[in-house]
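The values are calculated or read from the model by the stated rules, or taken from the named source; none is laboratory data. Just so it is clear, the model here is predicted, and its values are computed rather than measured. Neighbour counts run over all protein chains shown; Cβ positions are idealised from the backbone, glycine included.
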Amino acid sequence: MRTLNTTNSAIKPLDDVTVVELAGYVAAPSAGAILADLGADVIRIEPLSGDPWRGQARRPKIDDELRDYDYQFAVSNRGKRSIALDLSSEAGIDIVYKLVADAQVFMCNMLAPRQAKMGLDPDSLHAFNPTLVHATLTGYGTTGPEAWRPGFDVTAFFARSGLMEAVREGPDATPPMARPGQGDQTTGLAFFGAILAALRQAERTGEGQVVETSLMETAAWTLGCDYSITAVDGAFVPLRSRHQAVIATNNRFPCGDGKWLVISMPGAANYAKLCRAIDRHDLIDDERYVTPRDRLRNMESLITALDETLSTKTRDEWGEVFDAEGVVWGPVQALDEVVRDPQAEAIGLFCEIPGTEVGTIRSVRAPMRFHTAEVGPSGPPPGLGEHTQDILDQLGLEPGEISKLRQANVIRETE
């Protein structure tokens, strides 16, 4: 729908791509947000009642006049356009077909049977646009005995994939709960990459492509180091607390100010290096801890000894010591610390979304940077049906046709 302006030196990488997005909640829309950050024209189709994710977020602790803005919705929907359609009607589906005919990508999170029932499956849409990239994101995939099963990130990404169990600290520990949208945003990255590869193939071959990913398989990919072994031997992986670690120098430790740090130096030679850095030379020659096997047998007492020493300084004081001694470490930071982190500022971890109803807001940036291209949010998330009129005009519908759609409740526009 948009043409590439080759005279603009600030062109974004995907300025010539139109994406039709029919997806709710976070996972697939987060991929659409990255596509929009890179310049794609992302047309968001919503039901007349709106995306269920609208208005579901916690509110920030700020001034009353800014508090009620939907900041979480903005992360995965910035820079898009919204058209609200009744897809239970033939007229609504007809509009989708018109949009798809002039697009490069159709992305959705509908289960395969529903796609087929609505006429939005790959075969149906390729009839309108043979070069279309048809992209689907689901909880568990589009084939197999549970392709019908809906999934959220907490059920499909964290629980079903093995991730939630793998990070549980022992058989008596409660499985840890995920943060909102964490698995969704991760899967959105996989979905984004798959869409780009499919676009590249479509450009080379002149043929459309069908591409998909799921929450479950993306989570399994994040566990690749574990599954590279478990997929071979099929053996149970014991759950370990930090006092039952395999390697003492790859662990988390509490400090004297109640904050935590993590040390990651898995090589056997690094044990002595850590002991020297914290001035515990006695632990180097202690017969209980001389070899890696000795340390494994006596891990609980060793971690207790390290805890006692690390509790004598604050996290930041130990950080200065470790930096000076070449110990690989990281602070276990709270979210409010990260937003003030100088390194986060230096790499542009956070961005600004312009043009919202409460002005420019700070948000998180997509995890990529381009040295010679403009990348980032181009505008706010759309209101429900905010661009319905503009999009229908762009499709060439006459005012009378739009009026009939309005009267039949096929479309909704922002009031």
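The set of residues from segment 174-207 being in contact (Cβ under 8 Å) with a residue 60 or more places away in the chain, surrounded by fewer than 22 Cβ atoms within 10 Å (Cβ to Cβ) and β-branched (Val, Ile, Thr) is empty. When residue 184 is tested against the conditions (1) assigned to a loop (DSSP other than H, G, I, E, B); (2) within 30 Å of residue 130 (Cα to Cα); (3) not aromatic (Phe, Trp, Tyr), the lone failure is (1). Of the residues making up segment 395-415, those that are among the polar types (S, T, N, Q) and part of a loop (DSSP other than H, G, I, E, B) are 409, 414. For segment 263-280, a residue qualifies if it is in a loop (DSSP other than H, G, I, E, B), surrounded by fewer than 18 Cβ atoms within 10 Å (Cβ to Cβ) and at pLDDT 95 or above, and the qualifying residues are 279, 280. Among the residues of segment 231-267, those identified as among the polar types (S, T, N, Q) and free of Cβ contacts under 8 Å to residues at least 40 places away in the same chain are 249, 250.
Just one of the numbered conditions (1) over 21 Å from the mean Cα position of the chain (by Cα); (2) closer than 23 Å to residue 383 by Cα; (3) among the polar types (S, T, N, Q); (4) not in a loop (DSSP other than H, G, I, E, B) is not true of residue 115: (2). With respect to the stated conditions, residue 257 fails to be out of contact with any strand residue (DSSP E or B) (no Cβ under 8 Å at 6 or more places or on another chain) and either among the β-branched types (Val, Ile, Thr) or in a helix (DSSP H, G or I) (or both).
Evaluation of residue 106 against the conditions (1) within 25 Å of the chain's Cα centre (by Cα); (2) outside any strand (DSSP E or B) shows that the sole unmet condition is (2). Looking at 287, 212 in this structure, which one is among the charged types (D, E, K, R) and assigned to a strand (DSSP E or B)? So the residue among 287, 212 that is among the charged types (D, E, K, R) and assigned to a strand (DSSP E or B) is 212. Here the helices (runs of 4 or more DSSP H) wholly within segment 293-394 that include at least 1 residues being of a type in the set (Gly, Ala, Ser) are 299-310, 315-325, 342-346. Taken over segment 179-203, the criterion of being of a type in the set (Lys, Arg) and at pLDDT below 95 is satisfied by 179 alone. Residue count for segment 111-165, restricted to those that are of a type in the set (Asp, Glu) and under 30 Å from residue 176 (Cβ atoms): 3.
When residues in segment 118-129 are screened for being assigned to a helix (DSSP H, G or I) and either surrounded by 19 or more Cβ atoms within 10 Å (Cβ to Cβ) or out of contact with any strand residue (DSSP E or B) (no Cβ under 8 Å at 6 or more places or on another chain) (or both), 5 of them pass. Of all residues in segment 156-173, those being assigned to a helix (DSSP H, G or I) and in contact (Cβ under 8 Å) with a residue 60 or more places away in the chain number 6. Considered as a group, the residues in segment 49-71 that are surrounded by fewer than 21 Cβ atoms within 10 Å (Cβ to Cβ) and in contact with a Gly (Cβ under 8 Å, 6 or more places away or on another chain) include one that is nearest to residue 410 (Cα to Cα), and that residue is 52. For segment 365-383, give me each residue that is surrounded by 15 or more Cβ atoms within 10 Å (Cβ to Cβ) and at pLDDT 90 or above. Within segment 365-383, 365, 366, 376, 377, 378, 380, 381, 382, 383 meet the criteria. On inspection, residue 250 fails the criterion of being under 25 Å from residue 172 (Cβ atoms) and over 37 Å from the mean Cα position of the chain (by Cα). Test residue 191 against the stated conditions and say whether it is part of a helix (DSSP H, G or I) and either assigned by TED's automatic domain parsing to the domain that holds residue 47 or in contact with a Cys (Cβ under 6 Å, 6 or more places away or on another chain) (or both). It is true that residue 191 is part of a helix (DSSP H, G or I) and either assigned by TED's automatic domain parsing to the domain that holds residue 47 or in contact with a Cys (Cβ under 6 Å, 6 or more places away or on another chain) (or both). Can you say whether residue 338 is of a type in the set (A, V, I, L, M, F, W, C), out of contact with any helix residue (DSSP H, G or I) (no Cβ under 8 Å at 6 or more places or on another chain) and under 30 Å from residue 72 (Cβ atoms), as far as the supplied structure shows? It is false that residue 338 is of a type in the set (A, V, I, L, M, F, W, C), out of contact with any helix residue (DSSP H, G or I) (no Cβ under 8 Å at 6 or more places or on another chain) and under 30 Å from residue 72 (Cβ atoms).
For segment 210-223, the criterion of a residue being exposed (fewer than 13 other Cβ atoms within 10 Å of the Cβ), polar (S, T, N, Q) and more than 28 Å from residue 17 (Cα to Cα) is satisfied by no position.
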